[in-house]
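Read through the structure below, which is laid out as structure tokens, and then see the notes.
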Amino acid sequence: MKHEATARVVIDLPKAEAWALLRDLSLAHNYVPAAVRTEITSDKPDGLGASRRIYQRSGKGVDETITEWNEGHGFVIRLHKGEKGAPLPFRRAAFRYRLEDAGHSRTALTTSLIFDMRWGYFGQLLYERILHYVFRGIISDIALGMKQYYESGEVVNSHQLKQLRIGARQEV
């Protein structure tokens, strides 16, 4: 895939605890902005081939299926709308989640959106002018939301997310 938007945060949890939360595919609505519910849609709850549907406030759902699984370290999950392929504006899209030991009982989480745009030259122009910033912000928000949820166990709301963004900017 051609494009990638990535964010990295350090979570104040040992890697094994962070992995236990990451591998639970049913938790996404607790840290993904605008998500309200997560439904496991496969017979198995995790591992290669496991899938889920994440519902947005609008009522629309996006399907995600595990295409790579690295036990204890992370996975790649493909975005799709049923059998139709990736949701607009993507031709193909996936999220990659990776955990690494950060020392002192902390874990580095790297989240990435890897994708190809639809619409040829127009899609490329749209990405370069506008969507590049939008996708970076979304990935950053997901990483910050995961950090907050993993550390506190509390569902991340929009007010908290704004505060997390301010805190992240001050750390840089």
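The values are calculated or read from the model by the stated rules, or taken from the named source; none is laboratory data. Given the structure is predicted, the values throughout are model-derived calculations rather than measurements. Note that we place each Cβ from the backbone using ideal geometry, even for glycine, and neighbour counts take in every protein chain shown.
Within segment 108-130, the set of residues being in contact with a Lys or Arg (Cβ under 9 Å, 6 or more places away or on another chain) and over 19 Å from ALA94 (Cα atoms) comprises just one member, ALA108.
The listed residues are ALA28, ALA20, ALA50, ALA16, and the only one of them that is of a type in the set (A, V, I, L, M) and within 22 Å of SER140 (Cβ to Cβ) turns out to be ALA28.
Contact list please: Cβ distance under 7 Å, first residue in segment 13-40 and on the phi > 0 side of the Ramachandran plot, second residue in a loop (DSSP other than H, G, I, E, B), pairs at least six apart or on different chains. Cβ pairs passing all conditions: ALA34/ARG57. Among the residues of segment 40-51, is there at least one that is assigned to a loop (DSSP other than H, G, I, E, B), among the hydroxyl-bearing types (Ser, Thr, Tyr) and modelled with pLDDT of 95 or more? So far as segment 40-51 goes, yes, one or more of its residues are assigned to a loop (DSSP other than H, G, I, E, B), among the hydroxyl-bearing types (Ser, Thr, Tyr) and modelled with pLDDT of 95 or more.
Residues in segment 93-100 include at least one that is surrounded by 13 or more Cβ atoms within 10 Å (Cβ to Cβ) and over 18 Å from ARG8 (Cβ atoms). Of the residues in segment 57-75, at least one is surrounded by 15 or more Cβ atoms within 10 Å (Cβ to Cβ), over 14 Å from the mean Cα position of the chain (by Cα) and at pLDDT below 95.
Would you mind finding the one in ASP141, ASP101 that is of a type in the set (Asp, Glu) and under 13 Å from the mean Cα position of the chain (by Cα)?
Values: ASP101 fails: under 13 Å from the mean Cα position of the chain (by Cα).
Being of a type in the set (Asp, Glu) and under 13 Å from the mean Cα position of the chain (by Cα) holds for just one of ASP141, ASP101, which is ASP141.
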